[in-house]
1. Collect the residues in the stretch 103-114 that are surrounded by fewer than 22 Cβ atoms within 10 Å (Cβ to Cβ) and either among the basic types (Lys, Arg) or in contact with a helix residue (DSSP H, G or I) (Cβ under 7 Å, 6 or more places away or on another chain) (or both), keeping them in residue-number order.
2. Among all residue pairs at least 6 apart or on different chains, which show Cβ distances below 9 Å where the first residue, located in the stretch 154-177, is at positive phi and the second is open to solvent by 40 Å² or more (accessible area, probe 1.4 Å) and among the polar types (S, T, N, Q)?
3. In the stretch 74-102, how many residues are open to solvent by 20 Å² or more (accessible area, probe 1.4 Å) and part of a helix (DSSP H, G or I)?
4. Check THR194, THR217 and return the single one that is open to solvent by 40 Å² or more (accessible area, probe 1.4 Å) and of a type in the set (Ser, Thr, Tyr).
5. Report, by residue number, each residue of the stretch 229-259 that is open to solvent by 70 Å² or more (accessible area, probe 1.4 Å) and not in a loop (DSSP other than H, G, I, E, B).
6. I need a count of the residues in the stretch 54-100 that are at pLDDT below 95, under 24 Å from the mean Cα position of the chain (by Cα) and of a type in the set (Asp, Glu).
7. Could you check how many residues of the stretch 103-138 are of a type in the set (Phe, Trp, Tyr) and either farther than 21 Å from HIS182 by Cβ or part of a helix (DSSP H, G or I) (or both)?
8. Can you name the residue in the stretch 197-214 that is outside any loop (DSSP other than H, G, I, E, B) and open to solvent by 70 Å² or more (accessible area, probe 1.4 Å) and, of all such residues, is nearest to PHE102 (Cα to Cα)?
Amino acid sequence: MPANWNAVAEKLTQAGTPELVCDLFRCHYDNLCSGRDAYLRESEIKPAEDVLDAETLGSGAADRGQAELKHVAVLKLNGGLGTSMGLEAPKSLLAVRDEDTFLTLILRQASSLSIPLVLMNSFSTDNQTARAIDAERAKSGVGASVDVISFLQHQVPKLAAETMEPVEWPANPDLQWCPPGHGDIYAALVTSGTLARLLELGRRYLFVSIADNLGATLDPAILGHFAASGKSFLMEVAERTAADRKGGHLARTHEGGLLLREKAQCHPDE
């Protein structure tokens, strides 16, 4: 597969992209151009059969979690547009119950916990989301007590499949770029200064979920278990159904590590 990193690097530099993001995109670019097989074959993994059941966590975990709330912030991934539904607005502004939107209910959830709400927006959702928050506060007072911290995820150049060079679209330069996905959260937290701000506020734990998953709420027992474990990352998962095939599944490597195998990583034969 052809490669022309210099053209990509120049595009990123002209846009003022942070060095950390350029380095990360270079890794993905090199993987893409290498033509290496990206499948995770079933022979390379084992079922994850020993996931802890949250229902077995005792009252001690919940008590520990309540004590840790002062060190927590909730982050919602809010970069998506409802394009698959024929919309051109942030998906979080869809009405889901009467006139209440995803964002309305998210603000209420954050208010009930009295913890900061962090929004990772994209360039497509940032302004509309800010206006919607102001409107909610003015109309009903929802979220008036919530400290909302917003930051932007990055954008990376779209590439032409034939040349692996950045595409050009002078009529609408915005179409030359795309968000790099939810995995950008780590780099964006750092480069935006949001990580430093949260640490200054004493927030050591970050609960992360996508904005249109209202079922993903902070459970004090799971928080307490996480705090006691000393681990740096914990994923809360649910039993899958046939409708969840697109969302991937947990597995273990033969060395014992955990991974999330997405549908795109499954070989057509599997």
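The values are calculated or read from the model by the stated rules, or taken from the named source; none is laboratory data. Remember, it's a predicted structure, so these values are computed and weren't measured experimentally. Don't worry about glycine lacking a Cβ; one is built from the backbone with ideal geometry, like all the others, and counts go over all protein chains shown. Only protein heavy atoms, including side chains, enter the accessible area calculation; ligands, DNA and RNA are left aside. Shrake-Rupley method; radii C 1.70, N 1.55, O 1.52, S 1.80 Å.
1. If the condition is that a residue be surrounded by fewer than 22 Cβ atoms within 10 Å (Cβ to Cβ) and either among the basic types (Lys, Arg) or in contact with a helix residue (DSSP H, G or I) (Cβ under 7 Å, 6 or more places away or on another chain) (or both), then ARG108, LEU113 are the ones that fit.
2. Note: pairs meeting the criteria are MET164/ASN4.
3. Summing the residues that are open to solvent by 20 Å² or more (accessible area, probe 1.4 Å) and part of a helix (DSSP H, G or I) in the stretch 74-102 gives 6.
4. Every option except THR217 fails the conditions.
5. ALA242, ALA243, ARG245, LYS246, LEU258
6. 2
7. Here is the first cut: in the stretch 103-138, the ones of a type in the set (Phe, Trp, Tyr) are 123.
So of that shortlist, the ones also either farther than 21 Å from HIS182 by Cβ or part of a helix (DSSP H, G or I) (or both) come out as none.
Looking only at that region, the number is 0.
8. Step by step, filter the stretch 197-214, then rank; the result is ARG197.
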